Amino acid sequence: MKLAINNVASTFFILAGIASALSIQDSSSALKHKRGPLKPRRVQSLLINPDAQPDLPTVQAATAAASAASLNLDDIQGDVLIGMKKNRELFYFFSIANSTDFKAKLASEILPLITTTTQLLDVSTQPVTFLNIAFSQSGLLALNVTDSLGDSAFAGGQFKDLGNLGDPGSVNWVTEFAGTGIHGVLLFASDTDDNINESVASLESAMGNSFAKVYSLSRLGLVQLPSPATNDGISNPAVIGFTANPSPGQANVSSGSILVGESGDSVTRPSWAKDGSFLVFRQLKQLVPEFNKFLTDNPIIIDGLTREQGSDLLGARMVGRWKSGAPVDLAPLFDDPALGADPNRNNDFTFQHPDAVLATNQTRCPFSAHIRKTRPRADLGTPEDAVHHIMRAGIAYGPEVSTDEANSNTTSTERGLAFVAYQSNIGNGFRFLQRTWADSPNFVHSGVGVDPIIGALAGAQRVITGLDPTNSTKQTTLTTGKSFFHTLWSLAAESTFFSPSLSAIASKLSV
Ligand code: HEM
């Protein structure tokens, strides 16, 4: 059961007095001088807390876990360990116009507003609008920071990696991202668009001509996409030093899988990079009406299922979860909303069953299903692989599907996923999941096909097996051209960023 966090916070807020009177000093002594008064406290959380997702730890629990692992949650930007819990978000991509001015403003205008992990854990310490920042390789160079961060994917950017990632060329790329003109991204999040817009306007005015907006992605929010992709964000890893009580089935990863310089990150990097994280951003356009039409036209035919149920089953098997979030591994034929909404059960599976052969059986979950490709669990043996994990922190964008779009099976307004993944090593994280697992027709077994949701073969047709539980060798061909899969991809270049710790911003990037 979810805590009535907002009510608790409201009571606290009323007792605490008027918001504008509040001025909290950061507990981190290193940052005391740099961080000014926080914005007024809020009465309603800026994060969402869906039943299907595990709760965030309380401040007390996270602080205890962090102290045992020597992690400083006051120094880590709030987005990195939180996951897909944003209510509304705006990505503001900028270029640095004047390095000296920008550094000064970074220290005086941005740093005091950056939301830390600790602050996000309790409504009473959350700001009205959450702000985080990350820099691209060209952005660090623009700030005269020439140290190598030891990550070639970050240094090169995704535009250079285009062919390797199986993307169908740059034809769908957002033009502003071609080249190296994007120096960084500001992440604004809140519970209302008005809050975000006010914060953007106020920061723009404070920053003056030191930087310029290159591109922004907004209209973001918890959009109920009528596809099996609705319940994104259920399964994120539990991070040692942050997640106090992992849910059953949650992957347990070292802090160094997500945070640079922490235990488990074996790459040598400059000391100032400690507690930062690499942020991979992808704007993934989704053609939802077209996707739904494909499901309607290709139901899985099984005795006892209506055509509509057969269509739902196909969608659920492509993702590996039903619309409710229930995993097909535990609910193979019908959705089970109670299972989907229960974080103590909806992640508690390994694909292994005593009555089936793990290496061949696909009656429950296809090998190609999105969640099996991106987290193969027992397929790679036990204990589970602990290296190739990411913290997903994206958000759906765009409007609901309109009646006209649904009736015509044609998208007229763009919508999709603003994909964000944090990791300490892009080659082990996003790039590995995308390239070595999702894009490989032979992972986890020969001939299973690519991931039907995100796998790509440079625009070529994709043949997938295992989607029909009654015939595991039956092939499903996902076409290219204007199909929903091809144009699922609308990618951004130079979209790998580094989200530094607050002390790195203070001691290295703004001086
Ligand atoms: C439009 C694109 C995408 C859609 C619609 C999508 C949708 C989903 C959905 C519905 C889930 C299941 C809910 C959950 O476990 O949180 C999921 C899980 C996941 N996705 Fe995606 N996703 C997309 C892109 C990506 C990309 C680009 C990657 C990384 C390369 C990725 C990696 C993962 C991972 C690691 C999981 C969790 C698997 C697990 O722990 O069981 N996704 N995604």
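All of the numbers you see were taken from the coordinates with simple rules; none came from a lab. In this text, all values refer to a predicted model and were calculated from it rather than measured experimentally. No Cβ is skipped: glycine too gets one built from the backbone with ideal geometry, and neighbour counts run over all protein chains shown.
In table form, for the structure just shown:
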{"quantity": "Angle between the chain longest axis and helix 307-319 axis [Cα atoms, degrees, rounded to 10]", "calculated": "50 degrees"}
{"quantity": "Ordering of 101-112, 198-209, 323-334 by packing [mean C-beta count within 10 Å, highest first]", "calculated": "323-334, 101-112, 198-209"}
{"quantity": "Per residue, the convex hull volume that the Cα atoms of the chain enclose (Å³)", "calculated": "142 Å³"}
{"quantity": "Isotropically averaged projected area of the range 345-486, using the convex hull of Cα atoms (one quarter of hull area), nm²", "calculated": "10.5 nm²"}
{"quantity": "Among 43-50, 348-355, the order from most to least packed when residues are scored by Cβ within 10 Å on average", "calculated": "43-50, 348-355"}
{"quantity": "Karplus (6.51, -1.76, 1.60) ³J(HN,Hα), θ = phi - 60°, over the range 286-303, in Hz, Gly and Pro reported as x", "calculated": "10, 9, 5, x, 5, 4, 5, 5, 4, 5, 4, 7, 10, x, 7, 8, 9, 3"}
{"quantity": "Pairwise FRET efficiency - T360 versus V171, Cβ, R0 = 35 Å, nearest 0.05", "calculated": "0.35"}
{"quantity": "Inter-label distance for S205 and T146, nm, one decimal - labels placed 7 Å from Cα along Cα-to-Cβ", "calculated": "4.0 nm"}
{"quantity": "Percentage, to the nearest whole number, of Cα pairs in the range 278-392 over 24 Å apart", "calculated": "32 percent"}
{"quantity": "D167 long-range amide H proximity, modeled H, under 5 Å", "calculated": "A458"}
{"quantity": "Rounded to 10°, Cα long-axis angle of helix 59-68 versus longest principal axis of the chain", "calculated": "90 degrees"}
{"quantity": "The chain, helix-only ellipticity at 222 nm - DSSP H runs n ≥ 4, -39,500 (n - 2.57), divided by all residues, nearest 500", "calculated": "-5000 deg cm²/dmol"}
{"quantity": "Principal axis dimensions, largest first and in whole angstrom, of the range 361-429 by Cα", "calculated": "49, 35, 14"}
{"quantity": "Residue-span extension gain [D194 to K160] - 0.36 nm each, minus C-alpha spacing", "calculated": "8.6 nm"}
{"quantity": "Hull shadow area, averaged, the range 126-177 [alpha-carbon convex hull, nm²]", "calculated": "6.0 nm²"}
{"quantity": "Hull-based mean projected area of the range 176-222, where the convex hull spans the alpha carbons, in square nanometres", "calculated": "3.9 nm²"}
{"quantity": "Relative intensity, log₁₀ I(q)/I(0), of the range 37-88 from a Debye sum that treats every alpha carbon as a point, q = 0.19, 0.21, 0.26, 0.27 Å⁻¹", "calculated": "-0.85, -1.00, -1.24, -1.25"}
{"quantity": "Scaled radius of gyration (Cα, divided by 2.2 N^0.38 Å) that the range 91-215 gives", "calculated": "1.17"}
{"quantity": "Dimensionless Rg over Rh [the range 93-133; C-alpha; Kirkwood]", "calculated": "1.09"}
{"quantity": "Förster radius 60 Å - calculated FRET efficiency between S266 and S216, Cβ distance, rounded to 0.05", "calculated": "0.95"}
{"quantity": "Which listed pairs, of K160/K293; K86/K285; K373/K474; K285/K508, have C-alpha distances above 28 Å, in listed order", "calculated": "K160/K293; K285/K508"}
{"quantity": "Degrees, to the nearest 10: 193-207 long Cα axis against longest axis of the chain", "calculated": "50 degrees"}
{"quantity": "The range 156-194 versus the range 366-380: alpha-carbon centroid distance in Å", "calculated": "27 Å"}
